[in-house]
Amino acid sequence: MRSNIIKNLIISTTILLFLGVLFLLTGCGNERDVNVSNFGAKAGDSKYDNSGSIQKAIDQVSNAGGGKVTIPAGDFYTQPIELKSGVDLHLDEGAKLIGVDNIEVYTKYTYKKFSSIIFAEKQENISVSGTGTIDGQGGAQAFQVEGDPAGRPMIILFHDCKDVAVTDVTLRDSAHWVQYYTACERVQIRGIKVHSQCNFNNDGIDIESKDVVVSDCIIDSEDDAICLKGVELCENVAITNCVAAANCNGIKFGTGSSKGYRNVTISNVALHHASEDNRRHWSIKYSGITAPTTIISGIAIEVADGGIAENININNISMTDVQTPIFIRLERREVDEGQNTYMKGINISNVTAISESMMTSSITGVPGLYPENITLSNIDITAPGGGTADMASISVPEAESTYPENRMLGTTMPASGFYLRHARNVTLNNIRFHFRAPDARPLIIKDDCANIVQTP
């Protein structure tokens, strides 16, 4: 009898140990690898707010030293959540995290005037990963409020964070910019898909940080596709192997630039028009645009509010459906007295572009403020043509303090290929133009320029 009791006790203990190990392996008892369903999250109910459950899981994993918080397959509605240090918010295949369509709740976490569904500030080693989707419901009636940003939330907003990664996820239908990384350090964005055409200001990605790598992304946005901001210094940035579609600018530096941009490399990017045009309708608003849906400028480098643009290298870009292939602008929209403001060391090479307007590529400053040390090499542009000799005498406005955009200089330019004004030390090397119809305008016009070198 005694031996049977001992035997049964051993068997019971073994079973309990096995169940304990199984409990840990399934993530139920592991404080550093958890599933939000185990914290009360419920899928499929649009009236159920999962933010409390998700936040509890994030807090537990962060407090335990870091790990993974998993959103399983299903639709999970949520108010804003705060990502904490050490946490990887992972969306399984088929998982959809959906922001609730109540604009009032997004005041919970803010940076300046901005809010978001996933927010982080002063956190380290944070990530969003997986093949699931985050949906901002930006087309909901609650978010149809014009103004920038008018209380409309982004999907992701990280401020002053270090060691950030966002990989593989799909981001859809933001109510404002899709994602904004500001004053962060060591940021990696890889393999994400963005589709956001449902509201105003739907920038695909906005970067204002240091030591950033963006790669292998597909972006389709209502506003600018890839946008570098410069209110904080945007420095040491590499962007490569992306496909980007936009109704505004394809690759843009600006508009805010009070600190600016330094050491930026962009390569291997294909640009084309957005899949939808619900608001812009450029060909209806402005004469001379020859395609129904277009990008404003393929490459736009703008310093308008003080700050710098220095050591910018852009290579191997293909673009179609663009109004203006290259738009480089230095001006004084908002420049404080004594503010360090300049644009120099810009190299753009190996670009093929198909243009759909008479808004020619340009490099312009304003009197006393000259972009300089700029090299354009191996640029091949096909344009609609149709310009007349009389157009060569068109007066181009200075527009010294205007919002920087290609049409600020007029919807028809006096040059058919490149217009340069108030610029110094510019090299144009192997620039080729092709016109679908004859164009009587001069290829290149230079006004108040110094040391402009043209080579075959």
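The values are calculated or read from the model by the stated rules, or taken from the named source; none is laboratory data. These numbers were taken from a predicted model, which means no experiment stands behind them. Backbone-built Cβ (ideal geometry, glycine too); neighbour counts: all protein chains shown. Only protein heavy atoms, including side chains, enter the accessible area calculation; ligands, DNA and RNA are left aside. Shrake-Rupley method; radii C 1.70, N 1.55, O 1.52, S 1.80 Å.
Show me, for region 194-203, the HN-Hα J-couplings you get by feeding each phi into the Karplus relation (A = 6.51, B = -1.76, C = 1.60, θ = phi - 60°), rounded to Hz, glycine and proline as x.
Karplus values, whole Hz, x for Gly and Pro: 10, 9, 8, 10, 9, 8, 6, 6, 7, 4.
Under the 0.36 nm per residue contour assumption, what length would be gained going from the current alpha-carbon distance of H434 and E337 to full extension?
In short, 30.5 nm is gained.
Largest first, what is the accessible-area ranking of E93, E31 with a 1.4 Å probe?
Values: E93 135, E31 110 Å².
Greatest to least solvent exposure: E93, E31.
Taking only C-alpha pairs under 8 Å that are 6+ residues apart, what is the relative contact order of the chain in percent?
Details: 1426 pairs, mean separation 33.3, N = 456.
Relative contact order here is 7 percent.
How large is the dipole of region 362-447 about the Cα centre if only Lys and Arg carry +1 and Asp and Glu carry -1, each at its Cβ, rounded to the nearest 20 debye?
Details: 7 positive and 8 negative charges, 42 e Å.
The dipole magnitude comes to about 200 debye.
Whole angstrom only: what separates the Cα centroid of region 177-215 from the Cα centroid of region 416-456?
The two parts, judged by their Cα centres, are 33 Å apart.
Helix 51-63 sits at what angle to the longest principal axis of the chain, using alpha carbons and giving 0 to 90 degrees rounded to 10?
The angle comes out near 80 degrees.
Regarding the chain, what are the three Cα extents along the principal axes, ordered largest first, in Å?
For the chain, the Cα spread along each principal axis is 111, 40, 38 Å.
In deg cm²/dmol, rounded to 500, what helix-only [θ] at 222 nm does the chain give when every DSSP H run of at least 4 residues adds -39500 (n - 2.57) and the total is split over its residues? Let's see the in-between values first.
Details: 3 runs with 41 residues, N = 456.
Theoretical 222 nm ellipticity from helices: -3000 deg cm²/dmol.
From the backbone phi of region 283-294, what are the Karplus-calculated ³J(HN,Hα) couplings (6.51 cos²θ - 1.76 cosθ + 1.60, θ = phi - 60°) in whole Hz, Gly and Pro given as x?
5, 8, 6, 10, 6, x, 8, 9, 9, x, 10, 9
Taking the Cα centre of region 188-332 as origin, sum charge times position over the Cβ atoms of Lys and Arg (+1) and Asp and Glu (-1), and report the length of that vector in debye to the nearest 20.
Numbers: 12 positive and 18 negative charges, 33 e Å.
Charge dipole of region 188-332: 160 debye, to the nearest 20.
From a point 7 Å beyond the Cα of K42 in the direction of its Cβ, which residues of region 48-78 have a backbone N at a distance under 18 Å?
48-57, 72-78
Round to the nearest 0.05 the FRET efficiency obtained for D380 and Y403 when R0 = 35 Å and r is the Cβ-Cβ distance.
Details: r = 30 Å, r/R0 = 0.85.
E between D380 and Y403, to the nearest 0.05, is 0.75.
Could you give the size of the charge dipole of region 397-456 about its Cα centre, using +1 on the Cβ of each K and R and -1 on the Cβ of each D and E, expressed in debye and rounded to the nearest 20? Don't skip to the answer; put the middle values down first.
Working: 7 positive and 6 negative charges, 59 e Å.
Computed about the Cα centre, the dipole is about 280 debye.
Determine ³J(HN,Hα), in whole Hz, for all residues of region 439-445 in sequence, where each value follows from phi through the Karplus function 6.51 cos²θ - 1.76 cosθ + 1.60 and θ = phi - 60°; x replaces Gly and Pro.
These are the phi-based 3J(HN,Hα) values: 9, 8, 6, x, 4, 9, 10 Hz.
How much length is gained if the chain between N350 and H281 is pulled fully straight, taking 0.36 nm per residue apart and subtracting their Cα-Cα distance, in nm to one decimal?
Values: separation 69, 0.36 × 69 = 24.84 nm, distance 2.97 nm.
That works out to 21.9 nm of additional length.
With a 1.4 Å probe and all protein chains left in place, how much accessible area per residue does the chain have, in Å²? Before the final figure, lay out the partial values.
Working: 17680 Å² over 456 residues.
For the chain, the per-residue accessible area is 39 Å².
Rounded to the nearest percent, how much of the accessible area of the chain (1.4 Å probe, protein heavy atoms only) is carbon and sulfur?
Using a 1.4 Å probe with all protein chains present, the chain comes out at 50 percent carbon and sulfur.
What order do you get for 418-429, 245-256, 155-166 when each peptide is scored by the mean count of other beta carbon atoms within 10 Å, highest first? Could the numbers behind the result be given before it?
Working: 418-429: 20.2, 245-256: 25.9, 155-166: 22.2.
My ranking of the peptides, most packed first, is 245-256, 155-166, 418-429.
Quickly work out the T107-to-D59 label distance, labels modelled 7 Å from Cα along the C-beta direction, and quote it in nm with one decimal.
Placing both labels 7 Å along Cα→Cβ, they lie 2.2 nm apart.
Provide the percentage of antiparallel DSSP beta bridges, counting only those with both residues in region 302-437; round to the nearest 5.
Numbers: 2 of 43 bridges.
Here the antiparallel bridges make up roughly 5 percent for region 302-437.
Placing +1 on the Cβ of each Lys and Arg and -1 on the Cβ of each Asp and Glu in region 265-366, which of L271, I284, I317 has its Cα farthest towards the positive end of the resulting dipole?
Selected residue: I284.
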